[in-house]
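Any read-out appearing in this document is the output of simple, stated calculations on the displayed coordinates, not a laboratory observation. Keep in mind that what you see is a predicted model, and the values were worked out from it rather than measured. Quick reminder, even Gly has a Cβ in these numbers, built from the backbone with ideal geometry, and neighbours come from all protein chains shown.
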Amino acid sequence: MNDWILPLAVGAATGVLSGFGVGGGTLLLVYMTAFAGVDQHLAQGINLLYFLPAGLLALPAHIKNGYIEKPVLIPAIGAGLLCAALAAWAATGTDVALLKKCFGVFLIIVGLMELFGKKKE
């Protein structure tokens, strides 16, 4: 009966982190594949759907704080949608083990860039 409490708590926590720009979708993907036993393909699809409301709810705060550059908004949205569609198509034909390895390498690279990258002022 209480099988939904942990996924709800993880979803809420990653939603809050997404609003702060931490990458809650990535954390949700790690939770689903490593701890909840969700197949990599399904987890990536859920992650794409998860991002839409999380991003939409964070958008007003970003507009209010002046973080949105309106001249590049439409081209960025178009490029993001196109790349997401192409990546989703490519992922459906890729072996799950390879997807997991690629995602692990991606996380390591991002982590190293965060630790050792130059800080913008």
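Using θ = phi - 60° and the Karplus relation 6.51 cos²θ - 1.76 cosθ + 1.60, list the HN-Hα couplings for the range 67-73 in order, rounded to whole Hz, with x at every Gly or Pro.
My calculation for the range 67-73 gives 8, 9, 9, 4, x, 9, 4 Hz in order.
Work out from phi, with θ = phi - 60° and the Karplus expression 6.51 cos²θ - 1.76 cosθ + 1.60, the ³J(HN,Hα) of each residue of the range 39-50, listed in order in whole Hz, and give x for Gly and Pro.
Each residue's phi maps through the Karplus curve to give 4, 4, 4, 5, 4, 5, x, 4, 4, 5, 5, 5 Hz.
What are the ³J(HN,Hα) values, in whole Hz, obtained from phi via the Karplus relation 6.51 cos²θ - 1.76 cosθ + 1.60 with θ = phi - 60°, for each residue of the range 82-90 in sequence order, with x given for Gly and Pro?
Listing the rounded values in order: 5, 5, 5, 5, 5, 5, 5, 4, 5 Hz.
State to the nearest 20 debye the size of the charge dipole of the chain about its Cα centre, where the only charges are +1 on K and R beta carbons and -1 on D and E beta carbons.
It works out to roughly 360 debye.
Note the direction-averaged projected area, equal to a quarter of the hull surface, for the Cα convex hull of the chain, in nm².
Taking the Cα atoms of the chain, their convex hull projects to 9.3 nm² on average.
Roughly speaking, what is the stretch gain from V72 to L56, that is 0.36 nm per residue apart minus the C-alpha to C-alpha distance, in nm to one decimal? Can you show the working numbers first?
Numbers: separation 16, 0.36 × 16 = 5.76 nm, distance 1.73 nm.
Between V72 and L56, full extension yields 4.0 nm more.
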